[in-house]
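Contents: one structure, followed by commentary.
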Amino acid sequence: MNEGGIARIIRHPLSPFKKRAFISIMILAIVMAIGTIGMMALEGWDPVTSLYFMSLLATAEGPAQAPVTVGGKIFASVMAFFSIGAAISAITFTFGPLFGSILKEGFAYVEKGENKLKKELEHKNQTRSSTRPED
């Protein structure tokens, strides 16, 4: 990656990186808070167990324990979609520009190597054709 690549992405005046990352992380936090409070209310779990349950749900690990009540099961099912979507969005919006920049730099490096190899092959072909005696 070139000098200041990450800093360039974050500080670029036209880049919505900070805003997108902040909004996506806030949405994830809100979804997690709603899920935690909901599981506390529906299942009677303590805050740590509810947050742990939601964290496992959001990361698609699968919960360590299943809700017992019908309301808790339905709520957990709905929250699974929202929490996984929010987690994927937060990761994508936060790290997407960085991954894109790394890919761009990688392709540029490969292209540079390819061009260098082509020049070397052309040079070898030229030296072979100039050293061959004409028939």
Looking at the square roots a ≥ b ≥ c of the eigenvalues of the Cα gyration tensor of region 88-135, which shape do they give, rounded for a/c under 1.5, prolate if a/b is larger than b/c, or oblate? prolate
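What does the accessible area per residue of region 16-58 come to in Å², with a 1.4 Å probe and no ligands, DNA or RNA counted?
Numbers: 2430 Å² over 43 residues.
Counting only protein heavy atoms, the per-residue value for region 16-58 is 56 Å².
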Whichever lysines have a C-alpha closer than 17 Å to that of residue 116, once near sequence neighbours (fewer than 8 apart) are set aside: 124
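Using heavy-atom solvent-accessible surface (probe 1.4 Å) with all chains present, what is the largest-first order of 78, 31? Please report the intermediate quantities before stating the final value.
Values: 78 70, 31 20 Å².
Ranked from most to least accessible, the order is 78, 31.
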Through the Karplus equation 6.51 cos²θ - 1.76 cosθ + 1.60, θ set to phi - 60°, convert the phi angles of region 39-46 into ³J(HN,Hα) values in whole Hz; use x for Gly and Pro. 5, 5, 6, 7, 9, x, 7, 6
Highest to lowest packing among 104-113, 35-44, 122-131, scored as the average C-beta count within 10 Å: 35-44, 104-113, 122-131
Can you find, among 103, 54, 131, the residue sitting farthest towards the positive end of the charge dipole of region 20-134, where Lys and Arg contribute +1 and Asp and Glu -1 at Cβ? 131
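The values are calculated or read from the model by the stated rules, or taken from the named source; none is laboratory data. Quick caveat, the model's predicted, so the values are computed rather than measured. Reconstructed Cβ throughout: ideal geometry from the backbone, glycine too, with neighbour counts over all protein chains shown. Surface areas here come from the heavy atoms of the whole protein model, side chains and all, with no ligands, DNA or RNA. Shrake-Rupley method; radii C 1.70, N 1.55, O 1.52, S 1.80 Å.
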